[in-house]
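One structure is given here, and the rest of the page talks about it.
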Amino acid sequence: MQYISTRGGVIGHYCDILLEGLAPNGGLTVPERMPQIDSVDLERWRHLDYADLATEVIGLFATDIPRDDLARLCRAAYDPARYASAEMVPLRDIGDGLTLVGLSEGPTLAFKDMAMQFLGEALDYVLEKTDGVLNVLGATSGDTGSAAEHALRGRDRVSVFMLSPQGRMSAFQRAQMYSLQDANVHNIAVEGVFDDCQNLVKQLAQDLDFKKAHRIGAVNSINFGRISAQIAYYVWAWLRYTDRLPEAEREGVEVSFAVPSGNFGNILSGLYAKLMGLPIRKLVLATNENNVLDEFFRTGIYRPRSAADTVATSSPSMDVSRASNLERFVFNLLGRDPHRTAATWETLADHDTFDLSAEQGRFESEFGIVSGTSTHEDRLRTIRAFFESHGVTLDPHTADGAKVAREHVEPGVPMLVLETAKPQKFADTITEALSTPIVVDAETRALFDAPQRVTMLPADAEQLRALIEKSALR
């Protein structure tokens, strides 16, 4: 399997793109061809545990990793001892025709663990093979940072420089990141919003000399390793839902997925699963008040907002106005034409917008994507409603997904809502919704009480360069 850039050129194989991050021309890596699965594959995989299923799915993309080695990496990443549920990803009916896909059983209580735990193992594997080191530069709006740091902490060949927006994450998210004292973890709080952090990452990633000299890599969802690992849980969810059906009725059963979306990486993984042949009817994209993606999928016009216009919300991990992974979708939308994709992003750079309204009719008909927006009041009502009716507490992001999901439920089509995080990560919003404080357990109290280590930095690329030059692995 070869990988190419959305803006043209061959990048290499899977192990190459794990270390690469952005392509040298600023594009994102994508498979040269999309592997296919069918009903025979799905039935063959039905009785596998999560680690073995991940081996099968990721193995379609990681063709340069020997199967025994890949199985070992997945066994380590998806060791049940690292997860709160023996099922790894449990499914639960929560009412209103919705099924919750429990993706937050990992070490940082967020769906990002499902891919990041694998990526940590895979990076170590590749670096040992090449006798190399990697300095990961990433940006987080909340959960990516803690999941990456907990997956990479203490590793000898990887150092992590994680940018986060000052004052824009929950206290729990900050504590999960800033309390880590490992020498290879560097937390950097940037004056600004997530998009400022992401722009700094892109600036340094596009400086090819600096990137090469300091061995800069990425673990944001621009890293295709994350995308490939996330595809596995879409397949798992389809298998577990159809386990409920008589064997003769399973083949080709379509389900829909509702996905809270910020940087478009999670729902892109679902789109790739659909393009591979998983029977998915709709992919329901849910945004918060920073609803640039909802506007795009309703109109075909993409208008990212400035940092000043990106509002702080009660679902902070989705406070994103420039979704990096949208380029991968547009690449498919434009016939996988790198010239048209590059031209579209040149238009975006010049005018802060692009217009694909002529293609908007294909968003649902061809790709199954529909969208909607949820506000603070919406998520409070949704949290309250599901708690009162079914005794389930949704975190604010998952509540956004459930709110928009209910608008797109179709008779006879299961609607699966992807869980984003555990509610205790956002105690203030849960308390506001339910008028009852979340009980803080001893482990959480210890986390809040632990000393925190973070470097404050303005949104200045030169100061970030200097910090990396001082602390990077060589």
May I ask you to say which residue of VAL409, VAL417, VAL404 is farther than 20 Å from GLY106 by Cα, in contact with a Gly (Cβ under 7 Å, 6 or more places away or on another chain), of a type in the set (A, V, I, L, M, F, W, C) and surrounded by 23 or more Cβ atoms within 10 Å (Cβ to Cβ)?
VAL404
Pair list, Cβ under 8 Å, 6 or more apart: segment 325-339 residue among the aromatic types (Phe, Trp, Tyr), other residue part of a helix (DSSP H, G or I)
PHE329/LEU268; PHE329/LEU271; PHE331/PRO338; PHE331/THR341
Inspect segment 423-439 for any residue being among the acidic types (Asp, Glu) and part of a helix (DSSP H, G or I) and give the result as yes or no.
yes
The lone exception for ASP143 - which of (1) in contact with a strand residue (DSSP E or B) (Cβ under 6 Å, 6 or more places away or on another chain); (2) open to solvent by 10 Å² or more (accessible area, probe 1.4 Å) it fails:
(2)
Which members of segment 346-361 meet the condition of being exposed (fewer than 14 other Cβ atoms within 10 Å of the Cβ) and under 25 Å from LYS282 (Cα atoms)?
SER357, ALA358, GLU359, GLY361
Go through (1) closer than 30 Å to PRO411 by Cα; (2) open to solvent by 50 Å² or more (accessible area, probe 1.4 Å) one by one and return the number of the condition ARG340 breaks.
(1)
All positions within segment 389-402 that are part of a helix (DSSP H, G or I) and at pLDDT 95 or above
PRO396, HIS397, THR398, ALA399, ASP400, GLY401, ALA402
Among residues of segment 262-281 being among the polar types (S, T, N, Q) and either assigned to a strand (DSSP E or B) or open to solvent by 10 Å² or more (accessible area, probe 1.4 Å) (or both), the residue nearest to SER228 (Cα to Cα) is ASN266
Which residues, counting only those in segment 409-449, are of a type in the set (A, V, I, L, M), within 23 Å of SER314 (Cα to Cα) and without any contact (Cβ under 8 Å) to a residue 12 or more places away in the chain?
VAL439
Checked ALA461, ALA466, ALA427 against criteria (of a type in the set (Gly, Ala, Ser), open to solvent by 30 Å² or more (accessible area, probe 1.4 Å) and either within 25 Å of the chain's Cα centre (by Cα) or within 25 Å of VAL101 (Cβ to Cβ) (or both)); the one match is ALA427
So, in segment 436-458, how many residues would count as being over 23 Å from PRO107 (Cβ atoms) and either among the β-branched types (Val, Ile, Thr) or modelled with pLDDT of 95 or more (or both)?
5
Result of the Cβ filter at 6 Å on segment 357-377, keeping first residues that are assigned to a helix (DSSP H, G or I) and partners that are surrounded by 19 or more Cβ atoms within 10 Å (Cβ to Cβ) and among the aromatic types (Phe, Trp, Tyr), at least 6 apart or interchain, is PHE363/PHE297
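The values are calculated or read from the model by the stated rules, or taken from the named source; none is laboratory data. Since we're looking at a predicted model, the values are computed, not measured. Here the Cβ is made from the backbone with ideal geometry for all residues, glycine too, and neighbour counts use every protein chain on show. With ligands, DNA and RNA removed, areas are computed over all heavy atoms of the protein, side chains included. Shrake-Rupley method; radii C 1.70, N 1.55, O 1.52, S 1.80 Å.
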